[in-house]
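Visitor: The structure is given below, and queries will be raised subsequently.
The values are calculated or read from the model by the stated rules, or taken from the named source; none is laboratory data. Since the structure is predicted, the reported quantities are computational estimates derived from the model, not experimental observations. Counting neighbours? That spans all protein chains shown, and the Cβs are built from the backbone with ideal geometry, glycine included.
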Amino acid sequence: MYKIALTFLIIPFFAFSQVEKSEEKLDSLPNFGNQRSIEIWLEENKIPAIGIGIIENGKLSNINVYGNLKKNEPAPYNTIFKIASLTKPIVSILTLKLVSNGDWDLDEPLDEYWIDPDVIDDPRHKQLTTRHILTHQTGFLNWRRQHKTKKLTFDFEPGTNFRYSGEGYEYLKNALERKFKISLEKLVDSLLFQPLRMPDTKFTWQHGVDEKRFAFNHNKDGEMLETVRNEKAYASDLMLSTLEDYGKFAEFVLNGAGLTEEIQKEMIDLQVETPNESYFGLGWEIIPDWYGEKILMHSGGDPGVRTLIMLNPQKKKGLIIFTNSDNGGYLLWEKTIIEPVLRDE
């Protein structure tokens with residue numbers, strides 16, 4: 001069994017300041033001037049609940065949750081949201097931490113630890129590396145079920161093109177678990193969730209989710225969807241978290257995440273261009289010039305879930321948005337939330 005270096009568990013907890021519940025930071029946002037205007041905005045957009053976390057000077061400074069978990073059940077400050085693909089940045093940082101400690105290699109072929117049975121006869125599996133996965137250059141579709149064969153399939157040689165893929169992260173999960181002989185859940189819990197004090201962040205529903213605080217998911221018409229309570233941990237999707245928990249993770253990232261300077265630089269380098277005029281670094285979508293600033297971001301979307309994190313490493317500013325609705329996303333939030341919080345006028 002490989003020994004994992006634990007030196008980075010010494011985390012400066014003084015960085016995690018007391019979070020204000022004040023709405024002062026949001027007073028200047030369009031439609032967020034007072035409680036009634038927020039309720040109207042949510043009603044107009046058929047969004048039951050929205051949570052907004054703001055990071056300033058590398059510290060989580062404000063958390064505000066508006067709306068309802070479901071009809072007539074107000075959402076509390078510590079609402080538990082499904083966060084969809086915002087699972088991926090956590091697994092990415094875990095992996096980069098292992099790389100920084102010398103326990104994992106970005107460019108080592110993963111067939112040393114794991115070969116998916118679907119691709120065992122395709123020699124391209126010998127080329128697949130962690131770098132390809134974190135930059136979404138695996139050659140896989142998002143999910144194997146979307147392929148005409150219904151199997152995991154290389155559609156191009158790893159490292160030669162960009163295509164967003166959740167399957168890549170599941171491949172990485174299998175490789176990590178086989179090398180370290182520990183589940184992904186336990187690995188992340190011991191190396192991130194416990195030291196960062198993230199008690200409400202979970203991969204599955206098996207370990208005591210408080211459903212009295214859960215934001216039930218709703219479709220575009222505002223109708224509540226059936227709750228999927230997954231018992232299997234995924235590296236790419238379905239994680240549960242609160243704004244405070246995920247805000248601590250965002251603080252950690254903005255303050256270096258204990259990564260070496262070399263890995264920090266690689267994380268935010270423009271490693272591959274995407275079709276929407278942005279780039280991917282290691283685990284993060286990167287907007288190289290957002291009003292003159294480099295922005296790291298990741299979005300998430302599942303049935304009844306829309307989430308977003310945006311980080312400005314230069315100014316140590318950030319924004320987290322969680323919703324329990326099919327409605328939302330960057331275009332809706334851009335003028336009402338994102339620009340007023342992150343732009344320097």
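Visitor: Given the condition more than 25 Å from Thr201 (Cα to Cα), out of contact with any strand residue (DSSP E or B) (no Cβ under 8 Å at 6 or more places or on another chain) and not in a loop (DSSP other than H, G, I, E, B), answer yes or no: does some residue in the range 232-254 qualify?
Guide: No - not one qualifying residue is present in the range 232-254.
Visitor: Taking Lys315 and the conditions (1) surrounded by fewer than 20 Cβ atoms within 10 Å (Cβ to Cβ); (2) in contact with a Leu (Cβ under 8 Å, 6 or more places away or on another chain); (3) not aromatic (Phe, Trp, Tyr), which numbered condition does it fall short on, given that it satisfies the others?
Guide: Just one mismatch for Lys315, condition (2).
Visitor: Starting from residues that are over 25 Å from Asn72 (Cβ atoms) and among the polar types (S, T, N, Q), keep the ones in the range 196-218 and report whichever is surrounded by the most Cβ atoms within 10 Å (Cβ to Cβ).
Guide: Among those that are over 25 Å from Asn72 (Cβ atoms) and among the polar types (S, T, N, Q), it is Thr201.
Visitor: Given Pro89, Pro48, Pro76, which one is in contact with a strand residue (DSSP E or B) (Cβ under 6 Å, 6 or more places away or on another chain), touching a residue at least 24 places away in the same chain (Cβ under 8 Å) and closer than 26 Å to Glu226 by Cα?
Guide: Answer to the check: Pro48.
Visitor: Within the range 292-310, can you find the residues that are out of contact with any Pro (no Cβ under 9 Å at 6 or more places or on another chain), under 22 Å from Ser165 (Cα atoms) and either in a strand (DSSP E or B) or modelled with pLDDT under 95 (or both)?
Guide: Met297, Ser299, Gly300, Gly301, Asp302, Val305, Arg306, Thr307, Leu308, Met310
Visitor: Shifting gears a bit: Here is a list of conditions, (1) touching a helix residue (DSSP H, G or I) at 6+ places or on another chain (Cβ under 8 Å); (2) in a helix (DSSP H, G or I), and Lys212 meets all of them except one; can you say which number that is?
Guide: Unmet for Lys212, out of (1) touching a helix residue (DSSP H, G or I) at 6+ places or on another chain (Cβ under 8 Å); (2) in a helix (DSSP H, G or I): (1).
Visitor: Within the range 66-92, which residues are within 30 Å of Lys150 (Cα to Cα) and not in a loop (DSSP other than H, G, I, E, B)?
Guide: Lys82, Ala84, Ser85, Leu86, Thr87, Lys88, Pro89, Ile90, Val91, Ser92
Visitor: Something else: Return the pair list, or none, for Cβ contacts closer than 6 Å from residues in the range 141-154 that are crowded, with 17+ Cβ neighbours inside 10 Å to residues that are assigned to a loop (DSSP other than H, G, I, E, B) and basic (Lys, Arg), at least 6 apart or on different chains.
Guide: From the range 141-154, the pairs are Arg144/Lys151.
Visitor: Okay, next question. Go over the candidates Ile263, Ile309 one by one and state the one that is of a type in the set (Val, Ile, Thr) and surrounded by fewer than 22 Cβ atoms within 10 Å (Cβ to Cβ).
Guide: Going through Ile263, Ile309 in turn, the sole match is Ile263.
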